[in-house]
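Structure first, then comments.
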Amino acid sequence: RTIDSLGPLRSRTVIVRCDLNVPLSDGVITDDGRIRASLTTIRELRESGARLVLISHLGRPKGAPEARFSLRPVAERMSELLGAPVGFVGQTVGAEAAEAVRGLGDGDVLLLENLRFNPGETSKDESERRAFAAELAAFGDAFVSDGFGVVHRRQASVYELAQLLPSAAGRLVAAELDVLRRLTDDPARPYTVVLGGSKVSDKLGVISHLLERVDTLLIGGGMLFTFLAAQGHDVASSLLEQDQLDTVRGYLAEAERRGVRIVLPEDVVVAAAFAADAEHEVVAADAIGASRFGEAAIGLDIGPAAADRFAEVIRDSATVFWNGPMGVFEMEAFANGTRTVAQALTETTGFTVVGGGDSAAAVRALGFDDQQFGHISTGGGASLEYLEGKPLPGLEVLA
Ligand code: 3PG
């Protein structure tokens with residue numbers, strides 16, 4: 001159901017679930033892509049005379065307020081981009097929020113504080129989620145689900161809220177699905193998926209499903225070290241999901257059975273510490289423990305030989321989906337892997353999709369332009385789960 005199904009919206013209060021989970025550094029937004037992506041729906045709703053209550057999460061606070069996860073800077077940036085005031089209230093639900101909502105006129109926009117400051121948003125207990133969703137629902141006459149980045153989450157503002165009000169998908173969600181369908185409906189082959197990033201346990205699970213669909217998987221970023229450890233290598237102080245080792249061994253065996261190539265880097269950049277100015281060197285991927293930093297060695301990027309190899313595979317692919325930076329691209333010493341992969345995506349003649357807040361932020365921070373890629377998706381986990389063919393709660397509830 002799209003916005004059109006909601007009927008005339010003049011003077012009606014519409015709650016819009018956005019994904020405004022943008023990267024922040026010392027309170028400054030380092031990539032505003034997700035805010036920009038949310039504007040199409042917001043502009044359209046304003047023009048229809050609706051009164052807008054925007055809701056979103058930011059980061060992963062644990063059900064209580066934390067100043068560093070406040071959405072206040074997002075309201076300021078959105079107001080600049082929209083060219084209109086975006087009100088902000090430092091509360092998600094409660095008397096102050098209710099008063100701000102009551103004060104809205106036609107076309108006005110209000111952003112509520114981070115949903116995840118409330119335990120009900122992400123609670124495992126459905127009745128708690130329902131109760132929180134009911135408090136949110138009381139603010140509006142209709143609900144628009146436009147946070148594509150969270151449609152894979154069964155959370156109060158994504159799932160339960162949509163059951164309590166007349167609901168529809170926003171323009172961003174619809175546009176994302178139009179593009180991602182190209183990857184699931186008979187993608188051109190060879191089809192390569194590049195996986196990296198830091199949400200390791202979230203992403204390991206998608207691999208078994210991807211093995212049924214792709215020709216090649218390139219593994220970099222944080223999850224790489226769990227793969228190396230699963231092959232019996234010492235990864236010293238690198239990020240490691242110890243309890244996933246058997247699972248990863250299973251993936252490697254399954255890939256072999258299916259004839260899917262899983263390419264792991266042959267070299268990595270290790271550092272003495274997690275710091276931009278840390279001493280670092282390139283070592284073979286099976287020799288991290290033998291680097292000059294001993295057990296302190298921490299892998300922070302794929303090595304140059306691996307980056308070139310990944311680039312070659314990408315250039316030879318007809319479809320490429322990339323999710324997750326190859327290393328700590330925010331630090332120049334560890335940005336080469338991510339930069340080389342991004343460059344290769346701009347050079348292949350294949351159809352390319354960059355998925356996820358961090359990957360999108362990475363390509364922009366490294367000086368690439370959105371237009372150089374087939375599509376930059378605002379959803380990371382969401383786009384991956386869509387590609388896996390999993391039912392996405394935030395979409396199912398709108399069907
Ligand atoms: C994302 O960054 O992928 C979305 O905003 C979802 O965030 P989450 O993984 O913390 O639910």
- Message: Report for region 214-343 the percent antiparallel among DSSP-assigned beta bridges with both residues inside it, nearest 5.
- Response: 75 percent
- Task: Would you mind ranking 320, 354, 101 so that the residue whose beta carbon has the fewest other beta carbons within 10 Å leads the list?
- Result: 101, 354, 320
- Identify, among 187, 307, 24, the residue whose Cα sits farthest towards the positive end of the charge dipole of the chain, taking +1 on the Cβ of Lys and Arg and -1 on the Cβ of Asp and Glu, with the dipole about the Cα centre. 187
- Note on the structure: Interchain or sequence-distant (5+) residues whose placed amide H lies within less than 5 Å of the amide H of residue 266 are 306
- Message: Quick check of the Kirkwood formula: for region 128-194, what is the inverse mean of 1/r over all pairs of different Cα atoms, in Å?
- Response: 13.6 Å
- Computed E for residue 249/residue 292 - FRET, C-beta separation, R0 45 angstrom, nearest 0.05: 0.95
- Between residue 332 and residue 281, what length comes free when the chain is fully extended (0.36 nm per residue of separation minus the Cα-Cα distance, one decimal in nm)? 17.0 nm
- Item | Shape call, region 117-258: gyration tensor on alpha carbons, a/c limit 1.5 | oblate
- Round to a whole angstrom and tell me the spacing of the C-alpha centers of region 73-111 and region 148-167. 20 Å
- Proxy exposure order for 378, 352 (fewest C-beta within 10 Å first) is 352, 378
- Query: Can you give the convex hull volume per residue for the Cα atoms of region 44-118, as a whole number of Å³?
  - Reply: 79 Å³
- Query: Helix 304-315 versus the longest principal axis of the chain: what angle, 0 to 90°, nearest 10, using Cα atoms?
  - Reply: 60 degrees
- Message: Give me the base-10 log of I(q)/I(0) for region 256-367 at each q in 0.11 Å⁻¹, Debye formula, one uniform scatterer per Cα, rounded to two decimals.
- Response: -0.37
- Message: If you average 1/r across every pair of different Cα atoms in region 173-250 and take the reciprocal, what Kirkwood value do you get, in Å?
- Response: 13.9 Å
- Message: Among 87, 69, 282, which residue has its Cα furthest toward the positive end of the charge dipole of the chain, with +1 on Lys/Arg Cβ and -1 on Asp/Glu Cβ?
- Response: 87
- Rounded to whole angstrom, the alpha-carbon centroid of region 207-229 lies from that of region 369-399 at a distance of 18 Å
- Item | Per residue, the convex hull volume that the Cα atoms of region 24-87 enclose (Å³) | 94 Å³
- Considering only 179, 194, 74, give the residue with the highest GNM mean-square fluctuation for the chain, with springs between Cα atoms whenever their separation is below 10 Å. 179
- Pull up the cross-link candidates among the aspartates and glutamates for residue 199, meaning alpha carbon to alpha carbon under 18 Å and not fewer than 8 places away within one chain. 19, 241, 243, 301, 330, 358, 385, 388
- Phi angles of region 44-60, converted by Karplus (6.51 cos²θ - 1.76 cosθ + 1.60, θ = phi - 60°) into ³J(HN,Hα) in whole Hz with x for Gly and Pro, give 4, 5, 5, 5, 7, x, 6, 9, 9, 10, 8, 10, 6, 9, 8, x, 10
- With Cα coordinates, the longest principal axis of the chain makes an angle with the long axis of helix 245-258, in degrees rounded to 10, of 80 degrees
- Task: Can you check how the C-alpha radius of gyration of region 302-399 compares to 2.2 N^0.38 Å, as a plain ratio?
- Result: 1.12
- Message: Treating only the Cα positions of the chain as identical point scatterers, give the base-10 log of I(q)/I(0) from the Debye formula at each q in 0.06, 0.07, 0.09 Å⁻¹.
- Response: -0.25, -0.34, -0.55
- Message: Under 8 Å for C-alpha pairs, at least 6 residues apart: give me the relative contact order for the chain, rounded to a whole percent.
- Response: 16 percent
- Item | Quarter of the Cα convex hull surface for region 1-133, i.e. its orientation-mean projected area (nm²) | 8.3 nm²
- Note on the structure: To the nearest 20 debye, region 55-141 has a Cα-centred charge dipole, built from +1 on Lys and Arg Cβ and -1 on Asp and Glu Cβ, of 420 debye
- When a footprinting reagent is the concern and you count Cβ atoms within 10 Å, what order do 3, 219 take, fewest first? 3, 219
- Query: Who wins for biggest fluctuation among 258, 17, 77 in a Gaussian network model of the chain, springs between alpha carbons below 10 Å?
  - Reply: 258
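Here, each number is a calculation from the coordinates, and none is a lab measurement. In this text the structure is predicted, and so the values were computed from the model without any measurement. Because the Cβ atoms are built from the backbone with ideal geometry, glycine has one as well, and the counts that use them run over all protein chains shown.
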